[in-house]
Amino acid sequence: MNILEFTLLVWLGSASAGFLGALTGLGGGVILVPLLTLVFQVDIHYAIGASLVSVIATSSGAASAYVKEGYTNMRLGMFLEVATTFGAIAGAIIAAYTPTRILAVVFGVILLYSAYLSRLPHSEHQDRKPADSLATRLRLNSSYPTPEGEQAYNVRAVPAGFSLMFVAGILSGLLGIGSGALKVLAMDQFMRIPFKVSTTTSNFMIGVTAAASAGVYLKRGYIDPALAMPVMLGVLLGALLGAKVLIRVKVGILRTIFSLVISLLGIQMIYNGLTGRI
């Protein structure tokens, strides 16, 4: 396989990863890293570096639209980003000194957990309970557009959500994923804000989180422009197409396919890590 063929195949694979990631809401990095590692035999550190670059691109492109539509809680996102940024830097530093087989096993476990999350039903939370006192002082409560008009919501369990964001940042820096699943889970289940606000605010945050850890990978020499460029362009195209298709297509079947695919990838990553093949 020559360089042109390799670049084209990586671009096509990345576009597929971005497409599936946009449809399921888990991000393309969940598929991209095992795809590069298992199929294209790329060192996992370089695969993570390329994935982080693609996360920055896709987050920047999609987040602006959600902010314009009024779904994203920017004040909450910037507050929680403090935790995820420190976590991302810590995770990237840890990854630089962690053997690839351990990274592969950890990533495989995260893939299996993501497969489980992708099968959970997502619904809007109309939580009218009192807001967290800290959320009130920080003015984190807001509203978002619905067919019935602006719907106000309160933010709760701010300390628990902030702590989980630090963990999400570590996973992002360690594994090269946006860790959107954990961020959405923290905001949706713990902070009790509407699911649409959770997903859009998470999308707003993951680019900053990835940028923080990408700097460490760049300094270590793990970001190869020849690999990162086709990956970034492919994921960006796939994510834009996925966002358009998502409006028209029922996602239930796609979620089933997605969970099966990443379950198989997760099992294979764990097996290869335990047997020392990565």
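List the residue pairs whose Cβ atoms are under 9 Å apart, where the first residue sits in the stretch 145-163 and is more than 17 Å from GLY70 (Cβ to Cβ), the second is surrounded by fewer than 18 Cβ atoms within 10 Å (Cβ to Cβ) and of a type in the set (S, T, N, Q), and the two are 6 or more positions apart or on different chains.
ASN154/THR136; VAL158/SER133
Among the residues of the stretch 198-210, write down those that are buried (at least 23 other Cβ atoms within 10 Å of the Cβ) and either at pLDDT below 85 or under 23 Å from LEU103 (Cβ atoms) (or both).
Within the stretch 198-210, SER198, THR200, SER202, ASN203, PHE204, MET205, ILE206, THR209, ALA210 qualify.
Is at least one residue of the stretch 177-197 modelled with pLDDT of 80 or more and either among the polar types (S, T, N, Q) or under 21 Å from MET232 (Cα atoms) (or both)?
There is no residue in the stretch 177-197 that is modelled with pLDDT of 80 or more and either among the polar types (S, T, N, Q) or under 21 Å from MET232 (Cα atoms) (or both).
Just give me the residues in the stretch 38-91 being outside any helix (DSSP H, G or I) and surrounded by 22 or more Cβ atoms within 10 Å (Cβ to Cβ), in sequence order.
Selection gives THR72, ASN73.
Find the residue count for the stretch 200-225, including only residues that are touching a Leu at 6+ places or on another chain (Cβ under 6 Å) and of a type in the set (Asp, Glu).
0
Considering (1) under 27 Å from ALA57 (Cα atoms); (2) at pLDDT 85 or above, say which one THR136 fails and leave the rest.
Just one mismatch for THR136, condition (1).
So which of VAL197, VAL231 is β-branched (Val, Ile, Thr), under 22 Å from ALA135 (Cα atoms) and touching a Leu at 6+ places or on another chain (Cβ under 9 Å)?
Of VAL197, VAL231, the one residue that is β-branched (Val, Ile, Thr), under 22 Å from ALA135 (Cα atoms) and touching a Leu at 6+ places or on another chain (Cβ under 9 Å) is VAL197.
Check ARG192 against each of (1) over 30 Å from SER142 (Cβ atoms); (2) out of contact with any helix residue (DSSP H, G or I) (no Cβ under 9 Å at 6 or more places or on another chain) and name the one condition it does not meet.
Here ARG192 clears every test but (1).
Have a look at LEU112, LEU117 and point out the one that is surrounded by 15 or more Cβ atoms within 10 Å (Cβ to Cβ), at pLDDT below 85 and over 19 Å from PHE204 (Cβ atoms).
Working: LEU112 fails: at pLDDT below 85.
The match here is LEU117.
The values are calculated or read from the model by the stated rules, or taken from the named source; none is laboratory data. Computed from a prediction, not measured in an experiment: that's the story for all the values here. Quick reminder, even Gly has a Cβ in these numbers, built from the backbone with ideal geometry, and neighbours come from all protein chains shown.
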